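Worksheet: the structure to be examined is printed underneath.
Each reported figure results from applying straightforward, stated rules to the coordinates on display, with no laboratory input. None of the values given here were measured: they were computed from a predicted structure. Neighbour counts are summed over all protein chains in view; Cβ atoms, including those assigned to glycine, are modelled from backbone coordinates with ideal geometry.
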Amino acid sequence: MGGWFWRYDFEAWGEKWYAFQWHEVEFERAKEHYMLSDGTKIGDGASWGLNGDVALFFRATDALDLGMQYRYAYQKLGLSLYQNGMIYSMKYNF
């Protein structure tokens, strides 16, 4: 498995913001997880997969962040199709 993570804090319109992204690639999965002994593909049918997230957050106060994240995955969770979705978040910082 390999991947990365980055975060960038910045100011725009006099407000604090941050963006981040994480991404991981899973490779060389054990064959029994994606293929039967007769060669029939099961689950996502691949020896590799990827998934990750791209996000933008607004720091409303020192204790509250509001943001949205775009999640994506391919050849993951037993599916051989591209999966994606949006997540809207409100985070409380202790």
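Quick notes on this one:
- Listed values for the stretch 76-88 are Karplus-derived 3J(HN,Hα) couplings in whole Hz (6.51 cos²θ - 1.76 cosθ + 1.60, θ = phi - 60°), namely 10, 6, x, 10, 9, 10, 6, 10, 8, x, 9, 10, 9, and x replaces Gly and Pro.
- Relative contact order of the stretch 2-92: 23 percent, from C-alpha pairs under 8 Å at least 6 residues apart in sequence.
- Those residues of the stretch 3-29 whose amide nitrogen sits under 15 Å from the label point placed on ASP62, 7 Å along Cα→Cβ: 16
- Here percent of Cα pairs over 20 Å apart was calculated from the structure, and among (i) 56; (ii) 27; (iii) 51 it sits at label (iii).
- The chymotrypsin sites (Phe, Trp or Tyr not before Pro) found in the stretch 1-90 that occupy coil by DSSP, while having at most 13 further C-beta atoms within 10 Å, are TRP13, PHE27.
- Cut-off 13 Å between beta-carbons: net charge of the residues surrounding ASP65, Lys and Arg +1, Asp and Glu -1: +1
- Only lysine pairs 8 or more places apart, or on different chains, with alpha-carbon atoms under 24 angstrom apart are counted in the chain, and they number 4.
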